[in-house]
Every structure is written in C-alpha cells, then in structure tokens.
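Here the structure comes first, spelled out in structure tokens, and everything after it is commentary.
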Amino acid sequence: MIELGVNIDHVATLREARKGAAPDTILAAKICEMAGAHQITVHLRQDRRHIQDHDVAHLKDVLQVRLNLEMAAVDEIIAIAHHILPETVCIVPEHREEVTTEGGLDVAGQVNRLKDVVAGMHAHGIKVSLFIDPENVQVDASAAAGADYVELHTGAYANATGAAMDKELERLRVSSSRVLQTGMRLHAGHGLTRHNLEPVARIPGLHEVNIGHDIMARALFIGLENAVKEILEVLRRAD
Ligand code: PXP
C-alpha cells in the first residue's frame with residue numbers, strides 16, 4: 001500500500017494564531033500515528049510561521065513512525081536537521097511572501113549546491129527527497145544530485161479541472177516513470193484531497209503521498225483520526 005505522510009503544519013498555524021499552547025502538535029501527531037499514518041511531516045520554515053524548532057525536536061523524541069522534515073536548503077535549517085536527525089528531509093523552495101510552497105525546487109539550476117546538501121544529510125544518516133515539478137529535466141537533475149527520493153508537486157493537477165486535469169495527470173505519469181527509471185523512490189504531494197487522490201494513487205510505482213491541508217480541514221468536522229482514516233481508505237482502494 002502507498003504510505004501516507006500527514007503534514008501537521010496547520011495544527012501549528014492555529015496555535016500560532018494565538019501564540020499559545022493549543023492545539024497541541026504532539027497530540028495531533030500521535031492521533032495521526034494511531035490512525036495508521038506512516039509518517040509525520042512538518043515544514044520548519046525560516047519565518048517560523050507555524051512549526052517551531054521545539055515541535056521538531058519533541059516530535060523526533062515521541063514518534064514511533066518516521067519524521068519527515070520539509071525545509072529550504074539554507075545553512076540555518078540544515079544545521080537543525082543535522083542536530084535533530086529526522087529520518088528524512090524533503091528539500092523545498094521557500095519564498096517569504098508565499099501562502100504555501102508554490103512550485104517545485106529548481107534542482108537543475110543548483111545541482112552542485114544540492115549535491116553537497118544531500119551528501120551532508122547522508123553523512124548524518126538522513127535520507128533526502130527533493131520536491132520538484134513533474135519535469136524530466138528536474139528528475140534527471142535530482143538523480144544527479146544524489147537524491148534518494150523525489151516528491152512530485154501535484155499542485156498543478158490539484159488546481160486544474162476537466163481536460164486540464166487529465167493533462168496534468170499525464171504529466172505526473174510521464175515524470176513518474178522517469179523517476180523510477182533513475183532508481184529513485186517516487187513520492188507525491190500538495191493539494192491532494194480525498195476527492196482527487198485516487199488517480200494519483202494509481203500511478204504505477206508511487207510509494208508515498210504527503211497530505212496536510214485537506215486532512216486538517218476535514219478534521220474540523222469529523223475529527224483528526226477519521227480524517228486520516230478516510231485518506232488511508234482511498235489509498236487502500238487504489239492499491
Ligand atoms: N508536500 C510538500 C513538499 C509540501 O511542501 C506540502 C505543503 O507544505 C505538502 C506536501 C502538503 O500539501 P497540502 O497541505 O496541500 O496537502
């Protein structure tokens with residue numbers, strides 16, 4: 001079955017709205033874990049708008065499933081990753097004004113820099129995923145940088161409708177087979193929901209999806225445990 005990483009950033013978004021202690025990110029992560037999630041994903045942004053350093057450290061201590069740290073390839077956050085030692089990191093682009101991660105990382109434009117970042121993570125026993133748009137040039141550059149996995153950005157697919165959605169799905173399929181040819185593991189994420197997930201989950205060779213906003217939005221109405229279970233059910237159906 002495809003593995004599910006639950007991104008809990010928006011639990012912290014709600015907490016940071018009041019700068020208090022609630023809702024508890026650790027409790028949220030444990031509920032996701034008990035509901036069957038295979039991994040907890042958090043994005044430690046440079047602006048610390050949601051997840052804070054203490055969240056990452058605490059999660060690493062208490063989780064039984066993997067901790068996946070999304071991060072920009074900047075020295076400050078790299079040093080934190082080397083210190084906290086999440087099982088995996090996913091390198092993403094980061095722009096201060098953006099509402100969320102808007103596009104994939106331009107790996108092709110910085111292969112040598114990313115090679116060093118990947119090697120540094122490997123030296124600390126951390127596996128590396130690169131978050132890229134579904135383009136062959138980025139897939140090939142990710143392999144050249146030594147990445148273990150790529151996470152294909154599904155945002156364009158998620159935002160499209162009708163024939164445009166089919167076209168985006170085809171782009172994801174074409175890139176996916178390129179990823180598998182290189183020997184890297186295939187992940188996908190961004191904008192996925194219980195309504196649009198199934199066609200992505202049927203892409204041959206997909207190993208993992210990371211989903212955040214839709215699960216947290218749904219959790220408001222049916223609870224976090226049920227929201228995670230709904231997504232797991234879609235993944236099971238697609239298996
Ligand atoms: N994967 C990556 C690399 C991301 O940056 C994000 C957003 O933080 C997600 C997955 C989750 O996206 P969403 O919240 O739209 O499900």
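Would you please name the residue that is farthest from residue 204 (Cα to Cα), looking only at residues in the stretch 11-27 that are buried (at least 20 other Cβ atoms within 10 Å of the Cβ) and within 14 Å of the ligand (Cβ to nearest atom)?
12
Which is at pLDDT 95 or above, touching a Ser or Thr at 6+ places or on another chain (Cβ under 9 Å) and under 30 Å from residue 238 (Cα atoms), of 2, 51, 8, 31?
The unique qualifying residue is 8.
Do we find a residue being under 27 Å from residue 110 (Cα atoms) and among the hydrophobic types (A, V, I, L, M, F, W, C) anywhere in the stretch 9-26?
no
Can you pull out every residue in the stretch 41-86 that is more than 22 Å from residue 115 (Cα to Cα), surrounded by fewer than 19 Cβ atoms within 10 Å (Cβ to Cβ) and acidic (Asp, Glu)?
Within the stretch 41-86, 47, 53, 61 meet the criteria.
State all residues of the stretch 194-213 that are over 14 Å from residue 238 (Cβ atoms) and either surrounded by fewer than 21 Cβ atoms within 10 Å (Cβ to Cβ) or among the hydrophobic types (A, V, I, L, M, F, W, C) (or both); if no residue qualifies, say none.
213
Quick test for you: out of 48, 96, pick the one residue that is over 22 Å from residue 191 (Cβ atoms) and away from the ligand (no atom under 12 Å from the Cβ).
48
The values are calculated or read from the model by the stated rules, or taken from the named source; none is laboratory data. Owing to the predicted nature of the structure, the values given are computational and were not obtained by experimental measurement. Neighbour counts are summed over all protein chains in view; Cβ atoms, including those assigned to glycine, are modelled from backbone coordinates with ideal geometry.
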